[in-house]
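Throughout, read-outs are computed from the coordinates displayed, never taken from laboratory work. Remember, it's a predicted structure, so these values are computed and weren't measured experimentally. Backbone-built Cβ (ideal geometry, glycine too); neighbour counts: all protein chains shown.
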């Protein structure tokens with residue numbers, strides 16, 4: 001299966017703003033850091049709606065959600081597509097901090 005050009009990550013805007021100030025994004029998934037998880041969870045465009053519903057279906061906070069669009073060619077850490085239970089679907093995982101420069105777009109999540 002060909003890998004998509006860009007990978008995506010949904011997060012709160014405030015977390016992205018913090019990353020912009022520090023130079024790297026280190027939130028693995030909602031409520032979990034890169035240090036806790038060992039990698040940053042990403043998805044493909046096709047996987048994003050399911051992941052958004054799973055992680056943020058109950059999101060009611062004032063902080064809007066955004067989608068970080070990352071160009072894998074701009075990463076300086078490993079990117080691996082790994083099977084996740086229960087169905088063995090492959091998801092992109094970035095094994096290290098994501099440089100802000102690798103984020104080629106920030107899109108609002110509706």
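Here residue 50 fulfils each of the conditions (1) in contact with a strand residue (DSSP E or B) (Cβ under 6 Å, 6 or more places away or on another chain); (2) under 14 Å from residue 8 (Cβ atoms); (3) surrounded by fewer than 16 Cβ atoms within 10 Å (Cβ to Cβ) apart from (1). Note on segment 2-26: residues that are under 18 Å from residue 80 (Cβ atoms) and free of Cβ contacts under 8 Å to residues at least 24 places away in the same chain total 1.
Scoring residue 45 on the criteria (1) farther than 15 Å from residue 8 by Cα; (2) assigned to a loop (DSSP other than H, G, I, E, B); (3) touching a residue at least 24 places away in the same chain (Cβ under 8 Å) leaves a single failure, condition (1).
The residue that is nearest to the chain's Cα centre (by Cα), counting only those in segment 72-110 that are exposed (fewer than 11 other Cβ atoms within 10 Å of the Cβ) and either free of Cβ contacts under 8 Å to residues at least 12 places away in the same chain or not in a loop (DSSP other than H, G, I, E, B) (or both), is 108. Restricting attention to segment 5-17, the residues that are surrounded by 14 or more Cβ atoms within 10 Å (Cβ to Cβ) and over 16 Å from residue 108 (Cα atoms) total 1.
The residues on offer are 50, 32, and the sole one that is within 14 Å of the chain's Cα centre (by Cα) and within 24 Å of residue 101 (Cβ to Cβ) is 32.
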